[in-house]
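Colleague: This structure is in structure tokens; I'll ask about it shortly.
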Amino acid sequence: MNFNYIDDVIDRIIALIEERIAVLDLINNLSDDEEWLAITKIYVLSEDAANICKDLRLSKSQLYRVRKKAIERLKTEK
């Protein structure tokens, strides 16, 4: 058994988890509930656009506008 490989895989998993936590912390700075829900459903829960639109009662173009607005807001939070 190659323990170096196992250690490398574990290190990569830890790095991914830490990155995901950082993303979640950033998303949690969104004060607009609709933006928070849209971004969380898209990037954290990996839901497809049709389901998100149905849940949030938005058209696809509205969803993409909300997403764009949220991303712009998150860019300023960095």
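Computed from the coordinates by the stated procedures, all read-outs in this text should not be read as laboratory data. Please read these numbers as outputs of a predicted model, since none were measured by experiment. Don't worry about glycine lacking a Cβ; one is built from the backbone with ideal geometry, like all the others, and counts go over all protein chains shown.
Colleague: Quick test of your reading of the structure: residue 64 fulfils all but one of (1) among the hydroxyl-bearing types (Ser, Thr, Tyr); (2) under 13 Å from residue 74 (Cα atoms); (3) surrounded by 13 or more Cβ atoms within 10 Å (Cβ to Cβ). Name the failing condition by number.
Modeller: (2)
Colleague: Pick out, from the chain, the helices (runs of 4 or more DSSP H) lying fully within it that include 1 or more residues that are within 14 Å of the chain's Cα centre (by Cα) and touching a residue at least 40 places away in the same chain (Cβ under 8 Å).
Modeller: 3-27, 60-77
Colleague: Which residues, taken from region 1-41, are touching a helix residue (DSSP H, G or I) at 6+ places or on another chain (Cβ under 7 Å) and among the aromatic types (Phe, Trp, Tyr)?
Modeller: Answer for region 1-41, where residues must be touching a helix residue (DSSP H, G or I) at 6+ places or on another chain (Cβ under 7 Å) and among the aromatic types (Phe, Trp, Tyr): just 36.
Colleague: Based on what the data block shows, is residue 65 of a type outside the set (A, V, I, L, M) and in contact with an Asp or Glu (Cβ under 8 Å, 6 or more places away or on another chain)?
Modeller: no
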